[in-house]
Every structure is written in structure tokens, then in C-alpha cells.
1. Output the residues belonging to region 88-128 that are assigned to a strand (DSSP E or B) and of a type in the set (A, V, I, L, M, F, W, C).
2. Could you look through region 82-134, keep only residues that are on the phi > 0 side of the Ramachandran plot and open to solvent by 40 Å² or more (accessible area, probe 1.4 Å), and pick out the one that is modelled with the highest pLDDT?
3. Test each condition in (1) in a helix (DSSP H, G or I); (2) closer than 24 Å to residue 17 by Cα for residue 55 and report the one that comes out false.
4. Look at residue 19 and say whether it is out of contact with any Cys (no Cβ under 8 Å at 6 or more places or on another chain), without any contact (Cβ under 8 Å) to a residue 12 or more places away in the chain and not aromatic (Phe, Trp, Tyr).
5. If I go through region 33-50 residue by residue, how many of them are part of a loop (DSSP other than H, G, I, E, B) and either more than 15 Å from residue 103 (Cα to Cα) or not small (Gly, Ala, Ser) (or both)?
6. Can you work out which of the residues in region 33-76 that are open to solvent by 100 Å² or more (accessible area, probe 1.4 Å), of a type outside the set (A, V, I, L, M) and touching a Ser or Thr at 6+ places or on another chain (Cβ under 9 Å) is farthest from residue 94 (Cα to Cα)?
7. Select from region 1-32 the residues that are assigned to a loop (DSSP other than H, G, I, E, B) and among the basic types (Lys, Arg) and write down the one among them that is surrounded by the most Cβ atoms within 10 Å (Cβ to Cβ).
Amino acid sequence: MGEKLREFNVYSNSKGSSGAVKNGWCWPAFFFGSFWSLFSGFLIAALFMLPLEFILNFAAGVVSDEQRRYGPEDATRVIGGAIALAFIIIRLIYGAQGNKWRRARYLRRGFEFRGTVRAANKADAVRQCGVENT
């Protein structure tokens, strides 16, 4: 059974470097959020989002402790729901925009768009566009 083909945008520069970015949803960005942005080189996003996610996580812990100590009152349910909603919204933004941010970074760094292809992986996409992958 063959591999599932995905759509990739391929980029290259005059120095012989090339790369491909999958179009659509970015699962690593969705699951790892600010850590994904940190390790993917999006430092400004990481510097903003990492503290925000830390604060939300801390607040969720405080709400959880309050619910255990005093019972699930309406106020803590609302606050807990708002924190959970904020986490979900942040992750949905990351997942929806992650690959778009990667494509924009290639263009900012002087890479040229070479085409959109359907391929099993990034290396295959680069080969299909006839550019060297370094």
C-alpha cells in the first residue's frame, strides 16, 4: 500500500539550499504550542506565548486546588472553563497557522517559491521540483 500524498510548497535560494513546507494543518505546532515555536526558530512568538501558557497553566492549577478544597462552585467552573477555552484557542491558532508561518519565513529569508507538488514527504517534494536539498 502506498504512502499518503500530501501537498507541499517548495522553496530554494541562490546558495543551493532548499526546503518544503506541507500545506494545511501543523500537528506539531498544535500539540507543542510555544515549545514548537521556540524549537522552530520563532523566538518572538515563543517569548510571548511561553509565559502566557505558563500563567494559564498556573491559573488552572490554582482553580483545580480551589475546587478540590471547597468544591466545584460556579465561579471556579467559569474560570476553569475560560482557562481551558484560552488553551484550546491558542493551540488551534498554532495548528492552523504553523505551516503558514514556516512558508513566510522561507520568503523572508530570500528563498524563492518553486512550486506546489503532491508528495509523500518533504525530500520527495524537493526532488519533484528539481532543486537540490541541502
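The values are calculated or read from the model by the stated rules, or taken from the named source; none is laboratory data. A quick note: this is a predicted structure, and the numbers were derived from the prediction, not measured. Every residue, glycine among them, receives a Cβ derived from its backbone with ideal geometry; neighbour counts consider all protein chains shown. These accessible areas exclude ligands, DNA and RNA; they are computed on the full protein's heavy atoms, side chains included. Shrake-Rupley method; radii C 1.70, N 1.55, O 1.52, S 1.80 Å.
1. Result: 113, 117, 119.
2. Residue satisfying both the conditions and the ranking: 110.
3. Failing condition for residue 55: (2).
4. In short, no.
5. 1
6. Residue satisfying both the conditions and the ranking: 70.
7. Among those that are assigned to a loop (DSSP other than H, G, I, E, B) and among the basic types (Lys, Arg), it is 15.
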